[in-house]
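This report refers to the structure that appears directly beneath it.
The values are calculated or read from the model by the stated rules, or taken from the named source; none is laboratory data. Only a predicted model underlies this, so the values are computations on that prediction, with no experimental measurement involved. Neighbour counts are summed over all protein chains in view; Cβ atoms, including those assigned to glycine, are modelled from backbone coordinates with ideal geometry. The protein model used for the area step is the full one, side chains on, heavy atoms only, and it has no ligands, DNA or RNA in it. Shrake-Rupley method; radii C 1.70, N 1.55, O 1.52, S 1.80 Å.
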Amino acid sequence: MNQTVRVTRHVLTELVAEARLEPAFECCGLLAGRAGVITTVLSAQNALASPTAFDIEPAELFALFHRMRKLGLDHLGIYHSHPVGENAPSRRDIASAYYPEAVYFILSPLPGAAKPVRAFAIRDGSAQELEIEILEGS
Ligand SMILES: [Zn+2]
């Protein structure tokens, strides 16, 4: 049985909208919340401006973590989009998954995507897809 990650409906809506806003390159950012429920999207600049890779500048990452702490939120996830191809972890995504406790969300801006938002646990060089439980309201 797959593990589950809990996300509010508006976070999913925001993620899909962001992935479609700039389909020429990967969007990226952090996800935060409380008590294991992701409630907040903290979007970042893709420093690489690439359609196949992303990176967040250390200064921006620091500022995002600072904002998260000020809001009293926990860091629960990281997201980015795959403008081309499947929204499953790439070899690079698996190699650069530095937060083993975070859930990795991968978005697809493609209108035909079966699942525009997918979530993965990436640990020790392997990825496992998680079920996304959507919480209405809030
Ligand atoms: Zn990727």
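Observations
- So residue 124, is it under 23 Å from residue 4 (Cα atoms), open to solvent by 30 Å² or more (accessible area, probe 1.4 Å) and out of contact with any Gly (no Cβ under 7 Å at 6 or more places or on another chain): yes
- Residue 60 passes every criterion in (1) under 15 Å from residue 28 (Cβ atoms); (2) within 16 Å of the ligand (Cβ to nearest atom) apart from (2).
- The residue that is farthest from residue 38 (Cα to Cα), among those in region 87-124 that are among the acidic types (Asp, Glu) and either without any contact (Cβ under 8 Å) to a residue 24 or more places away in the chain or in a loop (DSSP other than H, G, I, E, B) (or both), is 124.
- For region 21-32, the set of residues classified as open to solvent by 50 Å² or more (accessible area, probe 1.4 Å) and either in contact with a Ser or Thr (Cβ under 7 Å, 6 or more places away or on another chain) or in a loop (DSSP other than H, G, I, E, B) (or both) consists of 22, 23, 24, 25, listed by residue number.
- Filter result for residue 77 (more than 10 Å from the ligand (Cβ to nearest atom), free of Cβ contacts under 8 Å to residues at least 12 places away in the same chain and among the small types (Gly, Ala, Ser)): no
- Counted residues, region 3-20 - those being touching a Cys at 6+ places or on another chain (Cβ under 6 Å) and open to solvent by less than 10 Å² (accessible area, probe 1.4 Å): 1
- Odd one out for residue 35, checked against (1) in contact (Cβ under 8 Å) with a residue 24 or more places away in the chain; (2) within 17 Å of residue 137 (Cα to Cα); (3) open to solvent by 20 Å² or more (accessible area, probe 1.4 Å): (1)
- Here residue 60 meets each of (1) surrounded by 17 or more Cβ atoms within 10 Å (Cβ to Cβ); (2) within 23 Å of residue 17 (Cα to Cα); (3) modelled with pLDDT of 95 or more; (4) of a type outside the set (Gly, Ala, Ser) with one exception, condition (1).
- Qualifying positions in region 63-72 - part of a helix (DSSP H, G or I) and open to solvent by 70 Å² or more (accessible area, probe 1.4 Å): 66, 67, 69, 70
- Single residue of region 38-53 satisfying the filter (open to solvent by 40 Å² or more (accessible area, probe 1.4 Å) and hydrophobic (A, V, I, L, M, F, W, C)) that is nearest to the ligand (Cβ to nearest atom): 48
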